[in-house]
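Notes for the one structure printed next.
The values are calculated or read from the model by the stated rules, or taken from the named source; none is laboratory data. Note that the coordinates shown come from a computational prediction; the quantities given were computed from them, not determined experimentally. When we count neighbours, we look across all protein chains shown, and the Cβ atoms used for this are built from the backbone with ideal geometry, even at glycine. Side chains are part of the model used for accessible areas, which takes the heavy atoms of the whole protein and leaves out ligands, DNA and RNA. Shrake-Rupley method; radii C 1.70, N 1.55, O 1.52, S 1.80 Å.
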Amino acid sequence: AAAVLVGHSLMIRSIFQFYMAPGSCMDAASLRTKVLPYCGVVGARILWDEKGNLQITEAWPMLGTVLAQPDFDPGSRRPPRGESCVCGRSRASPGDGCVVA
């Protein structure tokens, strides 16, 4: 079966961060740390285990989508914290996450 998921690039990045293991494919680091470009298209292979847990095992850019280069070690389990948080209202401080003043 096939499905199409359309959504905001931050949501797509979060899905790859949560369900795709680092190093599972050549583009894993970019998909886990960078947002897709406008109108970007990525294919993905999703597998469910017998308990119903899913994992993205493979992903590839499609239709001319060019992914940004990752800016951290692709073997790392978590991407580095940025200078600002996703909500745009505050700054991310090391160890504390998003802090709204």
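For the listed peptides 43-53, 20-30, a ranking on the average number of other beta carbons within 10 Å per residue, highest first, reads 20-30, 43-53.
Of TYR38, TYR19, the residue with the largest accessible area leads and the full order is TYR38, TYR19 (1.4 Å probe). What residues of region 21-44 lie in the reach of a label at ALA68, counting those whose backbone N is under 14 Å from a point 7 Å from the Cα along Cα→Cβ? Hits in region 21-44 for ALA68 at 14 Å: 29-40. Extension gain for ASN53-GLN17 works out to 11.5 nm (0.36 nm per residue, less the C-alpha to C-alpha distance). For region 32-57, the residues whose backbone nitrogen is under 16 Å from a point 7 Å from the Cα of VAL4, taken along Cα to Cβ, are 39-44.
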